[in-house]
1. Mind pulling the angle between the C-alpha long axis of helix A:396-411 and the longest principal axis of chain A? Nearest 10 degrees, somewhere in 0 to 90.
2. Give me B:90, B:213 ranked fewest to most by other Cβ atoms within 10 Å of their Cβ, as a rough exposure proxy.
3. Calculate the length of the line joining the C-alpha centroid of region A:363-427 to that of region A:30-98, in whole Å.
4. Round to the nearest 10 and give me the degree value, 0 to 90, for the angle of helix A:329-340's Cα axis relative to the longest principal axis of chain A.
5. Report the Cα-based extents of region A:328-392 along its three principal axes, largest first, to the nearest Å.
6. Binning at 10 angstrom from zero up to the longest distance, how are the C-alpha pair distances of region A:260-357 distributed in percent?
7. Round to a whole angstrom and tell me the spacing of the C-alpha centers of region A:183-198 and region B:290-313.
8. Report the residue, chosen from A:318, A:174, A:257, that carries the largest GNM mean-square fluctuation when chain A is represented by alpha-carbon nodes joined by springs under 10 Å.
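Read the figures in this text as sums done on the coordinates, not as results from a lab. Everything numeric in this text was worked out from a predicted model, so none of it was measured. A quick note on method: Cβ atoms are made from the backbone with ideal geometry, for glycine too, and the neighbour counts reach across all protein chains shown.
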């Protein structure tokens, strides 16, 4: 009697204890297969049904392989992945930031894909070169890219605002941009009503994006040394500071920005800004939430040390990879291939076209949806043609904090531009040296 | 509550220990079931408290990036924290400011509310519920609400300031006001402190007040000479709980400012979290060292309060314990 009831109680306790471990996932109940892949991604919002459709089509084309399609929030992505790898239970395939690659590749926590690519005849030439470059570390390919345009920094602007201010063409240089932003900004000198342009709001890593547009790459190709404390760096910070002053200083600008949000609450859609620098995803946000907005796109302006043929931001973009210790690496490769290289069916090409985003695949025009090419495609692809890939550092997250602190030191008047650059450069270089000492 | 806890402890001390072999079969069976029922708690404490506690101490002497085995580095992290981590000092100072401000706010406001809600007013239950309710709202939802309340452009608080002729404040954009914004937000949890104070107030016998009235004491004299001295065990408990909680402030700051502006809201646990989960490579060893320093600081504060409590905490029917 006692033993039986004890056993039941223990089972009940164990079941209760396991409840919180359940993940939020979608699995096709009709799929029958010997292998079930665990697949993690961060395609939220209106992309969830698209991803479900894409995974279902993969299952149809790959009998015997089922996919547990798990949507995870972006914010905790590293925590979740590191915890899963540490526990020896990683997903088979996961979406992955290219800016996170160096650490995972250096510790061989993910699988190089070169042998799989060679075996299946996947040539790197099927991708745009700048997209594929972001997948490399120590001469190996660690992930395949999707979506494209990770380094894009596109200037989206309200054409009506520019016309009202008598501005006939979009500024090409920083000096022109400062003049245009001043003309578009509305306020009484201390209280902003509308921001012409916010240089700190550029997608990715703002300072690095502007430095890139000023003709300077911040880190060496071998990712071992950084260079920001020079003429190009000073010009970049001077430009950002001047733009902040046009917006009545950093405090008022940040306070103003509290009014905006994402998607339909975006500042461009709300009419709070006239020009916004953002990624290619802005297109589907505008399509979904701003039918009447008269907008256009242009490349972000270039600095005095830069040139008209080099723009772009600095972000790194995304891709798909297979963690070490994945339960089914061979089948996982089939899914990676489907998600990143497949131009037929509901593969990579279809998924990106549904969102009207740039595709890393040469063969696929991401702006062609249901046979119709988007009317802004040509101008967006024109910006893409000027895109210049900026490598990311192995210590990028901490480097970003240091760069943000550098900007605040200058904007709040606590440091000179030269001192702020020198200090940030030294701090980041010390981090890099420490990284390579350990992982080199 | 504090007095009841003390009484239970004394009763336990005086009880004779019973050996297992002396128990009857029925008592043994009951004991086994009892153990079985608390087993999940014991497992939980071992797995999720004691094991991480010991593990983090050992990890604090290692370099550990999660994906590779830890490497022993001795006291390197502790030396770095004290000599070469400017954010350690900054975040610790911010945390001290938050602890001091929020504990004072919660104790004073909680006590005042408890006094008010210990009187015979209409809809007493409703008032008590209303003041306690914010404490049970998930912190993420609270953070979103407070972002609206403290919005520099269209926030409720700035509208009130404007209505009385004061200038608007850029709560989360101005380094001088950002931490104050979180102190204002800390009033959200005053309901918890209030409930504990209420329980303490209701434990004060009415005869003491009657005696004081006969002696001619007015309301303020009764408060100063009867209520506050007899509430010191409850104040003591509330101070301890709030200090320990305030030192670990994290979630609302992580959600609302991430430590900005100018690191004015970067608190100690946020700094620790960044090293563990935001940076690459993850610095679990360094974070563990930070965690142990925080533990020692909280321990020291607690020890000082416990040690000095003999001077200012008074229990009914006895001397300071």
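1. Relative to chain A, helix A:396-411 is tipped by roughly 20 degrees.
2. B:213, B:90
3. Result: 28 Å between the Cα centres.
4. Approximately 40 degrees, to the nearest 10.
5. 42, 35, 16
6. All Cα pairs, binned at 10 Å, distribute as 12, 29, 28, 22, 9, 0 percent.
7. If we compute the Cα centre of each part, the gap is 51 Å.
8. It is A:257.
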